[in-house]
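Visitor: The structure's right below; bear with me while I get my questions together.
Taken together, the values in this text are just the output of simple stated rules run on the coordinates, not laboratory data. These figures come from a predicted structure and were not determined experimentally. Don't worry about glycine lacking a Cβ; one is built from the backbone with ideal geometry, like all the others, and counts go over all protein chains shown.
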């Protein structure tokens with residue numbers, strides 16, 4: 001009989017292969033991961049694609065727009081910032097700090113990459129973001145500006161990246177704010 005961990009690994013193995021295939025196919029349609037890469041670009045992860053900062057508009061700590069398409073960063077949940085269009089009428093404590101930190105880390109990066117995945121419930125593209133070869137979600141978790149989401153949502157077909165996030169979460173202090181999903185339940189107005 002397979003152990004629970006081995007069953008889960010087997011169960012999600014086909015999803016990892018499918019996810020990688022879909023990410024590669026999706027990337028063909030997005031200019032930000034094709035034509036903008038410098039000639040000497042070498043990915044820091046086997047599924048990473050070059051991400052051009054000039055095509056990004058920032059939203060909050062875990063979401064940005066790429067050529068007008070919303071991208072939700074995998075592996076973390078940062079505190080909310082005021083966003084009336086989705087019923088969030090005030091900033092959650094540390095929300096601005098998380099948003100400003102994400103913007104600073106991404107704009108100051110020597111190399112910015114993403115590992116695109118599927119879509120979430122809201123139609124946002126899901127992706128891991130790498131800043132100079134390190135996961136952005138790990139950096140924000142280590143700074144106490146994000147909660148990890150791997151234990152709830154799984155590894156999205158990238159167990160190596162999920163493992164980095166989980167290790168960072170275990171080694172980092174608990175963030176000084178309420179988990180964003182709990183805060184949203186109390187503060188989000190009906191959409």
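Visitor: For segment 91-111 and segment 71-90, what is the centre-to-centre distance using only Cα atoms, to the nearest Å?
Guide: Rounded to whole Å, the Cα centres lie 13 Å apart.
Visitor: How many nm is it between the label spots at residue 45 and residue 90, if each spot is 7 Å from the Cα in line with the beta carbon?
Guide: The two pseudo-label positions are separated by 3.6 nm.
Visitor: What FRET efficiency comes out for the pair residue 132/residue 67, r = Cβ-Cβ distance, R0 = 22 Å, nearest 0.05? Walk me through the numbers before you get to the answer.
Guide: Details: r = 23 Å, r/R0 = 1.02.
The pair residue 132/residue 67 has a calculated efficiency of 0.45.
Visitor: Moving to a separate point now. With a cut-off of 19 Å, note down the residues of segment 45-72 whose backbone N falls inside the zone around a label point 7 Å from the Cα of residue 122 toward its beta carbon.
Guide: 56-72
Visitor: If you build the convex hull over the alpha carbons only and average its shadow over all orientations, what do you get for segment 142-191? Give it in nm² to one decimal. Display every interim value, and only then the final one.
Guide: Details: hull surface 17.7 nm².
Here the figure is 4.4 nm², rounded to one decimal.
Visitor: Can you say what percent of the DSSP beta bridges in segment 46-138, counting only those with both residues inside, are antiparallel? Round to 5. It would help to have the intermediate numbers written out before the result.
Guide: Working: 19 of 22 bridges.
So the antiparallel bridges amount to about 85 percent of the total.
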